[in-house]
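Undergrad: Pasting in a structure now, in structure tokens, and then I'll have a few things to ask.
The values are calculated or read from the model by the stated rules, or taken from the named source; none is laboratory data. These numbers come from a predicted model, not from an experiment. Glycine gets a Cβ as well: all are built from the backbone with ideal geometry, and neighbour counts include every protein chain shown.
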């Protein structure tokens, strides 16, 4: 059967509307507290339409996590920090500059993230397992930068570095808006610990700041 361009566009738009609605609800309230019927009602689609694009609530939650990874992990953290320094070590430290910007500009860091969804669903749940993979993907990026910087044991480094990232999010949620900068100083010590003997510490200019019109993933979603 031939499908017209209009039909393809209509289906794509319905899927995007469902996912945008689920993204907002899941980030605000978590996975278990949001029912499929609420997503259907708020997205304005028929139940059959939702299940045409997402076979189950778990599939919808995994799609939400995929989108969260693209917007937050890749577009905001990875790409944003890459623009703030020219060397991999500087790009590692710039991750905390991105977190600092995130904490200062809005309260979206209080919303459900991979870690909070993992704690909510557990590692035995398919959605929890998806969170585990997304968090591992983030550490893979950190480990790749550590390896490019010539640091020893980059995978081990990434595990410790990730503790600093997640810990700063917790402290920011408690009200410490300087949590990312505190973690950044600890990250410098961690980098020095993994620097091989005899490797010269690079000299770099101050980190570049984002332009005034730079927006966080949540600000882009609201536009």
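Undergrad: Here's a check for you: in the stretch 1-32, which residue that is under 21 Å from the mean Cα position of the chain (by Cα), farther than 12 Å from residue 60 by Cβ and in a loop (DSSP other than H, G, I, E, B) is modelled with the highest pLDDT?
TA: It comes out as 32.
Undergrad: I would also like to ask the following. Determine, yes or no, whether residue 152 is part of a loop (DSSP other than H, G, I, E, B) and either modelled with pLDDT under 95 or touching a helix residue (DSSP H, G or I) at 6+ places or on another chain (Cβ under 9 Å) (or both).
TA: On the way: part of a loop (DSSP other than H, G, I, E, B): yes; either modelled with pLDDT under 95 or touching a helix residue (DSSP H, G or I) at 6+ places or on another chain (Cβ under 9 Å) (or both): yes.
The answer is yes for residue 152.
Per-residue answers, yes or no, for (1) under 20 Å from residue 75 (Cα atoms); (2) in contact with a strand residue (DSSP E or B) (Cβ under 6 Å, 6 or more places away or on another chain); (3) surrounded by fewer than 16 Cβ atoms within 10 Å (Cβ to Cβ):
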{"site": "103", "(1), (2), (3)": "yes, no, no"}
{"site": "119", "(1), (2), (3)": "no, no, yes"}
{"site": "130", "(1), (2), (3)": "yes, no, no"}
{"site": "133", "(1), (2), (3)": "yes, no, yes"}
{"site": "143", "(1), (2), (3)": "yes, no, no"}
{"site": "158", "(1), (2), (3)": "yes, no, no"}
{"site": "177", "(1), (2), (3)": "no, no, yes"}
{"site": "180", "(1), (2), (3)": "yes, no, no"}
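Results for (1) over 23 Å from residue 25 (Cα atoms); (2) outside any helix (DSSP H, G or I), shown as yes or no for each residue.
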{"site": "81", "(1), (2)": "yes, no"}
{"site": "85", "(1), (2)": "yes, yes"}
{"site": "93", "(1), (2)": "yes, no"}
{"site": "102", "(1), (2)": "no, no"}
{"site": "141", "(1), (2)": "yes, no"}
{"site": "157", "(1), (2)": "yes, no"}
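Undergrad: Can you name the number of the only condition in (1) in a helix (DSSP H, G or I); (2) touching a helix residue (DSSP H, G or I) at 6+ places or on another chain (Cβ under 9 Å); (3) modelled with pLDDT of 95 or more that residue 48 fails?
TA: (2)
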